[in-house]
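Below you'll find the structure, written out as structure tokens, and then a few comments.
Every read-out reported here was derived from the displayed coordinates using simple, explicitly stated rules and does not represent laboratory data. Computed from a predicted model, the values in this text were never measured in an experiment. Positions of Cβ are backbone-derived with ideal geometry, glycine not excepted, and every protein chain shown enters the neighbour counts.
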Amino acid sequence: MSRPILLVKSGGEAAMPEWQRHFAEHAPGVEVRWWDDPAVDPAAVRYALVWDPEPGRLAGLPNLRVIFGSGAGVDFITADPDLPKGVPLARMATAGAAQRMGEYVTWAVLSLLRGARRIGAAQAERRWDYFEPERIATGTTVGIMGLGHMGQAAARMLQGVGFRVTGWSRSPKDMPGIRSFAGMAERDAFLAGADIIVCLLPATPETRGVISAPLFDRMRDGTGLVNAGRGSHQRIEDILAALDSGRLSGAVLDVFDQEPLPPDHPAWTHPKLLVTPHVASLPPRGERAAHVGALIAMHERGEPLPNLYDHARGY
Ligand code: NDP
Ligand code: OXD
């Protein structure tokens, strides 16, 4: 009997040999085929692992049982108006992804604290630019917008370095030593109490454009900003203006509305802005295949899958 097919669209066709090698180890019961392989019978496809499928394509797979997002954020999948809503959509919420995000956020926050952008610019010019950082971690409050899988890992790591950490989410959280704020009613108190704000929200209609001038009006003057959520969360022209006016003291941005960020974009050269190319957290293919293989085995045993996208909530 032929094996059920796992169709893959993540990393391009060139990545297929690597996916096939990893799935041979982690899910030997499935046959792994490229998304655009013309020889694949749509009826034989049981699973799909995708990042940005063309709209309508998933709906054309009549026996699809589970869609696996190739990343933790699945907004490029849910943008498909024909997405089959009855098929579970599993997010790539692995322990390794959370660890990587925690490391990125800790690096970004420490970069703001220690003036990494200024140091890098001086080094590029061979200039001895002596200065003393104003703060240390123990006197600094980091507020994390989005205290989910990624946000909680970042919170714990920052706490370990000595930062005071607060978090804002839709529902309250109970994390030792971390002050939790929930919902719009508590948002302004959360913003007013932070020295550095980190965005790890999912992309939803409610969170679109949230990092913009009205938000900065609720923050202390000179607050630092990190965005590793999505480019759709931010209005980049508002961020650049707030950096110029001193409303924001510095920013680290990993995500942009247009990726790659165009070479002539002013964000590249702003002296208070560190740009990273959407690298905060993406586990290697072997780790992602191991996770998907484990979820396929759970699904085949009839067990419920963790970290499913919730269509009603929108994340
Ligand atoms: P989760 O779904 O686990 O967590 C989302 C958090 O945001 C939850 O705490 C949720 O609240 C909160 N939230 C959602 N909507 C609102 C709202 N309207 N107001 C306040 N809080 C809200 O997601 P993850 O932590 O796994 O990932 C977060 C995002 O990080 C992803 O969606 C993706 O966009 C981004 N990401 C970026 C990467 C990169 O490399 N730059 C890598 C991986 C992810 P509650 O807890 O109450 O539900
Ligand atoms: C993700 C990402 O969502 O890499 O996993 O952005």
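Each residue of the range 173-181 was assigned a 3J(HN,Hα) from its phi angle through the Karplus curve 6.51 cos²θ - 1.76 cosθ + 1.60 (θ = phi - 60°); the sequence is 10, 10, 10, x, x, 10, 7, 9, 10 Hz, with glycine and proline shown as x.
In summary, the lysines within cross-link reach of Lys85, defined as a Cα separation below 26 angstrom excluding same-chain residues under 8 places away, comprise Lys9. The convex hull built on the alpha-carbon positions of the range 96-275 has an orientation-averaged projected area of 10.4 nm². The C-alpha atoms of the chain define a longest principal axis, and helix 285-300 lies at about 50 degrees to it.
Relative contact order of the chain: 17 percent, from C-alpha pairs under 8 Å at least 6 residues apart in sequence. For the range 96-275, build the charge dipole from Cβ charges (+1 Lys, Arg; -1 Asp, Glu) around the Cα centre, then report which of Pro172, Leu113, Ile196 sits farthest towards its positive end. Farthest towards the positive pole: Pro172. Length available on full extension from Leu305 to Val40: 0.36 nm per residue minus the Cα-Cα distance, which gives 92.8 nm.
Here, the chain has an Rg and a Dmax of 21.2, 70 Å when only alpha carbons are counted. Summarising the label geometry, the points placed 7 Å from Cα in the beta-carbon direction at Met184 and Glu259 lie 2.9 nm from one another. When the label point is put 7 Å from the Cα of Thr138 along its Cα-to-beta-carbon vector, which residues of the range 149-170 have a backbone N closer than 14 Å? Answer for the range 149-170: 160-164.
Shown for Leu200, Leu191, Leu110: other C-beta atoms within 10 Å of each C-beta, ranked fewest to most, produce the order Leu110, Leu191, Leu200. If R0 is 30 Å, the Cβ-Cβ spacing of Leu110 and Ala192 corresponds to a FRET efficiency of close to 0.85. Which whole-number percentage describes the relative contact order of the range 1-45, with Cα contacts under 8 Å and a sequence gap of 6 or more? Worked out over the range 1-45, it gives 56 percent.
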